[in-house]
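Report on the structure given below.
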Amino acid sequence: MTAQHKIHSKDLNLWYGDFHALKDVSIAVRDRMITAIIGPSGCGKSTLLRCFNRMNDLNAAVRVQGGLFLDGQDCYGARLPLTQLRKRVGMVFQRPNPFPLSIFDNVAYGPRVHGVTGKDRLAEIVEQSLASTALWDVLKDRLWEPALDLSAEQQQRLCISRLVAVEPEVLLMDEPCSALDPIATEHIEELMRTLAEKYTIIIVTHNMQQAARISKETGFMLLGELVEFGQTEQVFTNPRDKRTEDYVTGRYG
Amino acid sequence: MTRQAISNPLHADEGADNGAPPPQINAPRHRRQLRIPPDVAQRIVVGGLWAIAMSAVAVLLFIIVFIMVKGLPHVTPEFLLQAPAKGGRLGGVSPMIFGTIAVAGLAVLIAGPIGVITAIYLTEYTRESKLTAFIRFGADCLAGIPSIIFGLFGFVFFADTLGLGISIISGALTLALMVLPTIIRTSEEAIRAVPAAFRDVSFGLGSTRWQMVTRVVLRSALPGIGTGIVLSIGRSISETAALMLTSGMVARHPSSVFDSARTLALHFFTLSREGISMPKAYATAAVLVLAILMINLLAYWFMRRFIARVR
Ligand SMILES: Nc1ncnc2c1ncn2[C@@H]1O[C@H](COP(=O)(O)OP(=O)(O)OP(=O)(O)O)[C@@H](O)[C@H]1O
Ligand SMILES: [Mg+2]
């Protein structure tokens, strides 16, 4: 691992009960750029993503083995409490899922949970977070309206703002555009490019064009294994593994 | 099965027209009579459902109108503000209004928090196990016990063993036990109905479980929890059997929770059963029914407002 690696795993294995869902996954994700994870349905992409902020721990049937490190620090170690890890490594989900609260309260949720109480400070965080997803100008007069009144794209942006508000370092995105139309998808991709200047982004996507468009590095997974990981261009144009080639050229399945 | 056999029911008319016997042994003989065009069937069903629903509403309306017509003329300001005299033949029901609010209010104040906390424990803090199944089973059993048995238990345990006497607090504790299962079960349902995604998001932002419960889950579940509480208030206000032996029948203004107090429902019961005064009995019933209607409407209005604000 070099200094630029934000997150890396070493021989990570995961079981759902008896089902071996991740097999010896070793991946090193670099800081401040977009890394994509692709692969057919059910190959373990979401499972891997959910390892990075230990969301799988919520499922009692899950057993994890192997190493996982954030900035070289053991994610399962005592020095990195779970709530701190999740503050630093946040997640955007497939479906836009704002809380049934006002726009303001949605964005302020994270900071409040982490103990920010001052009204001015909260207002400042909300403004900055909404601005970082280009929502501030549109929504600054509607902060107290229900978040569920927004369009799907705005809701997804709001979810990203809500995440940005806790000042994370890594953004995990699990098919963040799959519930959006092509234009909204384009907008969110644009947003991701901007965010990648400040954050490490890992995106799971079914859309290979999307992976090719926005990511610097790409990992290809199959049946719980990380088959190939490298520069996006290389993975798509000159894959080392036959299985990757079959998948990216559409010959899979 | 052959293709012929599958398509046959569609051609039942042809079979009947040329007098040929149906090819299958178990085909109904008078199929022609059974055929109702779908749009007619649809209308019959809609009409039937409407009629059944309306008859339920009609019964409710009839009871309300009946009690109002008989009772409302006797509900005067004096009736609401005066204490009863001559065993209830004269005067009003003000101590009973007070007693009802005290007993039912206290009961829900006790059972509400315990019930909601139990529901939170069952849904968020423990995995399904023998213990949770047992708690749920216990709650369901409790819900099925006749209220007179609760009354007896309250008398023996709260009034006698714990030495609380025939008092508001004994009655309230007894009622609390009685409505607890309702509160637990409705809260549990409401909490379970909160989308799992909200929990994931909250955890994902680094919240603790307790923060997740109080800031997301309870907020979303509040209308459902409120429904359970309102049901419990209604049940507490209208209870008689469980209170006869616990909060008692003393028709005076109580001065503390350790005093006996007669509720409106028990007052109505006494007036009508002992034939003291039917007009006063109906007036008491009218006050009771109006109170329950008002509580339900208020609760409904609050919840509508709440949902409108957060949705
Ligand atoms: N909670 C769970 N319990 C048991 N098995 C699970 C659970 N979640 C996922 N799995 C299994 O683990 C495997 C990987 O699932 P995962 O959701 O990570 O796949 P994925 O690559 O994200 O698929 P998709 O592209 O459809 O989202 C699948 O075979 C799935 O059936
Ligand atoms: Mg997935």
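Pick from region A:1-20 the residues that are within 16 Å of ligand 2 (Cβ to nearest atom) and open to solvent by 10 Å² or more (accessible area, probe 1.4 Å): which of them is nearest to A:L195 (Cα to Cα)? Filtering first and then ranking leaves A:Y16.
When region A:59-80 is limited to residues that are closer than 24 Å to B:E124 by Cβ and at pLDDT 90 or above, the one that is most open to solvent (accessible area, probe 1.4 Å) turns out to be A:R63.
Does at least one position in region A:97-106 carry a residue that is within 16 Å of ligand 2 (Cβ to nearest atom) and either at the interface with chain B (Cβ under 10 Å from one of its Cβ atoms) or in contact with an Asp or Glu (Cβ under 6 Å, 6 or more places away or on another chain) (or both)? Yes, there is a match, as at least one residue in region A:97-106 is within 16 Å of ligand 2 (Cβ to nearest atom) and either at the interface with chain B (Cβ under 10 Å from one of its Cβ atoms) or in contact with an Asp or Glu (Cβ under 6 Å, 6 or more places away or on another chain) (or both). Within the option set A:F220, A:F236, being among the aromatic types (F, W, Y) and out of contact with any Asp or Glu (no Cβ under 7 Å at 6 or more places or on another chain) holds for one residue only, A:F236. Filter region A:99-117 down to the residues that are surrounded by 22 or more Cβ atoms within 10 Å (Cβ to Cβ) and among the aromatic types (F, W, Y) and list them by number. Passing the criteria: A:F99, A:Y109.
Where helices (runs of 4 or more DSSP H) fall entirely within region B:194-254, those with at least 1 residues that are open to solvent by less than 10 Å² (accessible area, probe 1.4 Å), modelled with pLDDT of 90 or more and over 23 Å from A:V170 (Cβ atoms) are at B:218-238, B:241-244.
List every residue pair whose Cβ atoms lie under 6 Å apart, where the two residues are 6 or more positions apart in sequence or sit on different chains, the first residue falls within region B:50-69 and is open to solvent by less than 80 Å² (accessible area, probe 1.4 Å), and the second residue, located anywhere, is assigned to a helix (DSSP H, G or I). Every condition considered, the pairs that remain are B:I67/B:A285; B:I67/B:A286; B:I67/B:V289; B:M68/B:A286. Among the conditions (1) within 12 Å of chain B (Cβ to nearest Cβ); (2) in contact with a Ser or Thr (Cβ under 8 Å, 6 or more places away or on another chain), the only one that A:L130 does not satisfy is (1).
Matching residues to (1) over 21 Å from B:S187 (Cβ atoms); (2) in contact (Cβ under 8 Å) with a residue 12 or more places away in the chain:
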site: B:F203; (1), (2): yes, no
site: B:V213; (1), (2): no, yes
site: B:G234; (1), (2): no, yes
site: B:I237; (1), (2): no, yes
site: B:M244; (1), (2): yes, yes
site: B:S247; (1), (2): yes, yes
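Looking across region A:135-168 at every residue that is open to solvent by 20 Å² or more (accessible area, probe 1.4 Å) and basic (K, R), the one that is farthest from the other protein chains (Cβ to nearest Cβ) is identified as A:K140.
Just so you know, in region A:22-58 the residues that are hydroxyl-bearing (S, T, Y) and within 11 Å of ligand 1 (Cβ to nearest atom) include one that is surrounded by the most Cβ atoms within 10 Å (Cβ to Cβ), and it is A:T47.
The values are calculated or read from the model by the stated rules, or taken from the named source; none is laboratory data. Everything numeric in this text was worked out from a predicted model, so none of it was measured. Virtual Cβ from ideal backbone geometry, glycine too; neighbours counted across all protein chains shown. Just the protein is used for accessible areas: all its heavy atoms, side chains included, with ligands, DNA and RNA removed. Shrake-Rupley method; radii C 1.70, N 1.55, O 1.52, S 1.80 Å.
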